[in-house]
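What follows is a single structure, written as structure tokens, with notes after it.
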Amino acid sequence: MKKQIGILGGMGPEATSKLFSLIIKNTKAQNDQDHIPVLIVNNPKIPDRSLFILGKGPSPIKMLVEGALKLEQMGADIILIPCNTAHFFIKQIEEKIHVPIIDMIKETARYVLYKYPEIKKHGLLSTAGVCRTAIYKKAFEDIGLEIINPDTLYQQQNMTVIYGKTGIKAGSKTVPRKILLQSVANLEEKGAGAIISGCTEISLVLKQPHINIPLINPLKILAVKSIQLAGYSLSRSNIY
């Protein structure tokens, strides 16, 4: 049975648009009617997830739940969240709804184990909120893999890259990429055999041609998994 996909978005809007685009591009289709019905709640007013986790801002949970309920009422059969940090709140959201949320973090862990079984240490580029919650660390440790975080200086730089006046959320690309590559070098020195784009904004500016080791994009993994769970075929059989 074919299913409708719901996207709980706005965190940020460009990452939401990118996930929708990835679903379209990776669905096998000959015409409009072959594509998946996708419902999107794009609410950029949801309080910042990292700031709340760090004790510096209001809780996003109420608006996350409201968005998920709206998707459910609109007819979504599965829900996707194109925000890594928001995955920390999945259980609290699922308690209020009756449709499943696809866990991008766990799907990423399963993917790297399948795709790169020889790589045991993965470097994580993320927000401070993701780092603090250790959601990647737990998901990867559960299947025998290790997550490596950048040294403190680089982690601080990454937050500026994402949130600063010339950061990714403000629309910048080139300067943030150069700074992120410093964190990549730091993670490689610490033994990382692959890099995880653990913030959807990072995946917008850092691409595989920019680094010499595998770059894992959780947003793409989520898109591919959602196509499969919705009962549709992938446009390329070797994606996942």
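The values are calculated or read from the model by the stated rules, or taken from the named source; none is laboratory data. Just so it is clear, the structure is predicted and the values come from calculations on it, not from any experiment. Ideal geometry is used to build each Cβ from the backbone, glycine not excepted, and the neighbour counts take in all protein chains shown.
Miscellaneous remarks
- Residue under evaluation THR160, criteria (1) touching a Gly at 6+ places or on another chain (Cβ under 8 Å); (2) surrounded by fewer than 18 Cβ atoms within 10 Å (Cβ to Cβ); (3) in a loop (DSSP other than H, G, I, E, B), criterion not met: (3)
- Filter result (surrounded by fewer than 17 Cβ atoms within 10 Å (Cβ to Cβ) and farther than 23 Å from LEU124 by Cβ) within region 74-91: MET74, GLY75
- Note on region 23-73: among residues that are in contact with a Gly (Cβ under 9 Å, 6 or more places away or on another chain) and loosely packed, with under 13 Cβ neighbours inside 10 Å, the one that is nearest to ALA230 (Cα to Cα) is PRO44.
- Only one entry of LYS173, LYS169, LYS190, LYS178 meets the criterion of being within 19 Å of ALA128 (Cβ to Cβ) and surrounded by fewer than 17 Cβ atoms within 10 Å (Cβ to Cβ), and that entry is LYS190.
- For region 54-101, the tally of residues that are touching a Ser or Thr at 6+ places or on another chain (Cβ under 6 Å) and more than 17 Å from PRO13 (Cβ to Cβ) stands at 1.
- Subset of region 185-218 [within 23 Å of GLY167 (Cα to Cα), touching a helix residue (DSSP H, G or I) at 6+ places or on another chain (Cβ under 8 Å), of a type outside the set (Asp, Glu) and not in a helix (DSSP H, G or I)]: ILE195, ILE196, SER197, GLY198, CYS199, THR200, LEU206, ILE211, LEU215, ILE216, ASN217
- Looking at ILE239, ILE221, just one residue is at pLDDT below 90, under 27 Å from LYS28 (Cα atoms) and of a type in the set (A, V, I, L, M, F, W, C), and that residue is ILE239.
- Pairs, first free of Cβ contacts under 8 Å to residues at least 40 places away in the same chain in region 198-212, second charged (D, E, K, R) and not in a helix (DSSP H, G or I), C-beta under 9 Å, six or more apart: VAL205/LYS173
- Residues located in region 139-153, provided they are surrounded by fewer than 19 Cβ atoms within 10 Å (Cβ to Cβ), over 16 Å from GLY193 (Cα atoms) and touching a strand residue (DSSP E or B) at 6+ places or on another chain (Cβ under 9 Å): none
- Cβ-Cβ under 6 Å pairs, at least 6 apart or on other chains, region 45-69 side within 18 Å of SER126 (Cβ to Cβ), far side of a type in the set (S, T, N, Q) and surrounded by fewer than 18 Cβ atoms within 10 Å (Cβ to Cβ): PHE52/SER59
- Residue in region 77-91 that is acidic (Asp, Glu), touching a residue at least 12 places away in the same chain (Cβ under 8 Å), closer than 18 Å to ALA128 by Cα and not in a helix (DSSP H, G or I) present: no
- Region 106-153, residues that are part of a helix (DSSP H, G or I) and modelled with pLDDT under 95: ALA128, GLY129, VAL130, CYS131, ARG132, THR152, LEU153
- Here ILE227, ILE179 are screened, and the one residue that is touching a residue at least 12 places away in the same chain (Cβ under 8 Å) and within 25 Å of ILE81 (Cβ to Cβ) is ILE227.
- Among the conditions (1) in contact (Cβ under 8 Å) with a residue 60 or more places away in the chain; (2) surrounded by fewer than 23 Cβ atoms within 10 Å (Cβ to Cβ); (3) under 22 Å from LYS18 (Cα atoms), ILE195 misses just one, which is (2).
- Test: residue in region 114-126 that is surrounded by fewer than 18 Cβ atoms within 10 Å (Cβ to Cβ) and of a type in the set (Phe, Trp, Tyr): yes
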